[in-house]
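Okay, so here's the structure we're looking at.
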Amino acid sequence: MPSCNYVLAADIGGTKTATAVVSSSGKVLHASKAPTALGAPSQLIDQIVTMLQEDLGRAGVDIADVLGLGVAIPGVIDASHRIVIWAPNLPGWENVPLHDELTTRLNLSVRIEYDGHAAVLGEWWLGAGRGYQNVVFVIVGTGIGGGMILDGRLYRGASCLAGAAGWFVLATQRVSDEYALELGHWESLAAGPGIARLAAERLRQSDEPSILRDQSAQPYEDLTARMVFDAARKGDALAMEVVQRTGEILGVGIANIVSLINPEIVILGGGVGIQADLLVDRIRDVIRHNAQPISAKAVRVVPSQLGESAGLLGAARAVLLCHEPAMRSHNMNG
């Protein structure tokens, strides 16, 4: 087996795409980021190839020294990790043979992973999950997703969708809200757009002074979760109430995960998850009072250490894991 000391990685998102050249030890030699090409799938594939070729040039790495390419994508992939069956945030991405396209273009082995699975691999490899055998990564941004390491292995599920926790149902009554039906109940309440909607609802219901009222006009549709968190950090009472309610809702969902999975650690990531210092006390309180008592006592809840780099590094790690048996054999025989 040739000595290949580097891997390529791509993390595709609905708004931006990142690529990198990564060493086998996890050091990023060069990384790039650009708005995601949202035309035909071929345009995004062209973009990824171009970005990776530029990364190789800037890193001074020859593609002959590259083991393979890992790709994280927010979509449903087939069991062979070759076809993107559906990526709802990428227009036109249905039954796209991404593996074969990239393999042909780059003449490399390619590993495609659901982005939540890639992210938990990254945190397990180099972030907050290092040293643990049972890890849950909950990514809260414009949606809620994530991944799980169970007994020291990535758990993908029957359709490679394990970790799509935004679909948790948190109420006994029939869900009729259009957002809940489209996105999942937990996601509709606790992800970024749900937080903004809750803040707008509170503003319409009350006349109390608020920084948010000064920043937006009725019906407050231009509010964002970031604005709510920024106002809460300035001591705004209404924003702080919304943040506490968000922590409670996140806590209920995570308490369910803790009771079912019994993880050692739950990591919070994403644009909302990085606000963990405002949320984690309430989340822990809800877990303590609602989850299975022994599991609740044992689990740690912490913020991501890798931030937005988790998916990119996890995509790189996915390649290394695929080749690990061959690499181990080569090292033993060499």
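On inspection, Arg213 qualifies as more than 28 Å from Val136 (Cβ to Cβ), among the charged types (D, E, K, R), out of contact with any strand residue (DSSP E or B) (no Cβ under 6 Å at 6 or more places or on another chain) and part of a helix (DSSP H, G or I).
Only one of these is surrounded by 16 or more Cβ atoms within 10 Å (Cβ to Cβ) and part of a strand (DSSP E or B): Ala31, Ala37. Name it. Sole residue among the options that is surrounded by 16 or more Cβ atoms within 10 Å (Cβ to Cβ) and part of a strand (DSSP E or B): Ala31.
Which ones in the range 225-242 are surrounded by 18 or more Cβ atoms within 10 Å (Cβ to Cβ) and under 21 Å from the mean Cα position of the chain (by Cα)? Of everything in the range 225-242, those that are surrounded by 18 or more Cβ atoms within 10 Å (Cβ to Cβ) and under 21 Å from the mean Cα position of the chain (by Cα) turn out to be Ala225, Phe229. A single member of Ile287, Ile267 is among the β-branched types (Val, Ile, Thr), within 19 Å of the chain's Cα centre (by Cα) and surrounded by 17 or more Cβ atoms within 10 Å (Cβ to Cβ), and it is Ile267.
All conditions in (1) over 15 Å from the mean Cα position of the chain (by Cα); (2) farther than 21 Å from Ala34 by Cα; (3) among the β-branched types (Val, Ile, Thr) hold for Val140, with the sole exception of (1). Taken over the range 259-295, the residue count meeting the criterion of being of a type outside the set (A, V, I, L, M) and under 30 Å from Asp230 (Cβ atoms) is 13.
Scanning the range 5-28 for residues that are over 18 Å from Asn89 (Cβ atoms), among the hydrophobic types (A, V, I, L, M, F, W, C) and surrounded by 18 or more Cβ atoms within 10 Å (Cβ to Cβ) yields Val7, Leu8, Ala9, Ala20, Val21, Val22. Could you list all residues from the range 78-110 that are over 13 Å from Ala10 (Cβ atoms), crowded, with 20+ Cβ neighbours inside 10 Å and β-branched (Val, Ile, Thr)? Hit for the range 78-110 is Val96, nothing else. Looking across the range 156-172 at every residue that is touching a residue at least 40 places away in the same chain (Cβ under 8 Å) and closer than 19 Å to Thr142 by Cβ, the one that is surrounded by the most Cβ atoms within 10 Å (Cβ to Cβ) is identified as Gly163.
Restricting attention to the range 244-267, the residues being within 14 Å of Gly166 (Cβ to Cβ) and among the hydrophobic types (A, V, I, L, M, F, W, C) number 5. Selection of the range 46-77 for residues being within 17 Å of Leu106 (Cβ to Cβ), in contact (Cβ under 8 Å) with a residue 60 or more places away in the chain and either surrounded by 18 or more Cβ atoms within 10 Å (Cβ to Cβ) or not assigned by TED's automatic domain parsing to the domain that holds Leu98 (or both) yields Val66, Leu67, Gly68, Leu69, Gly70, Val71, Ala72, Ile73. With respect to the conditions (1) surrounded by fewer than 17 Cβ atoms within 10 Å (Cβ to Cβ); (2) touching a Phe, Trp or Tyr at 6+ places or on another chain (Cβ under 8 Å); (3) of a type in the set (S, T, N, Q), Gln275 lacks only one, and its number is (1). Ala217 - would you say it is buried (at least 16 other Cβ atoms within 10 Å of the Cβ) and more than 21 Å from Arg284 (Cβ to Cβ)? So Ala217 fails the test.
The values are calculated or read from the model by the stated rules, or taken from the named source; none is laboratory data. These figures come from a predicted structure and were not determined experimentally. Methodologically, a virtual Cβ is constructed for each residue, glycine included, from the backbone with ideal geometry; neighbour enumeration extends over all protein chains shown.
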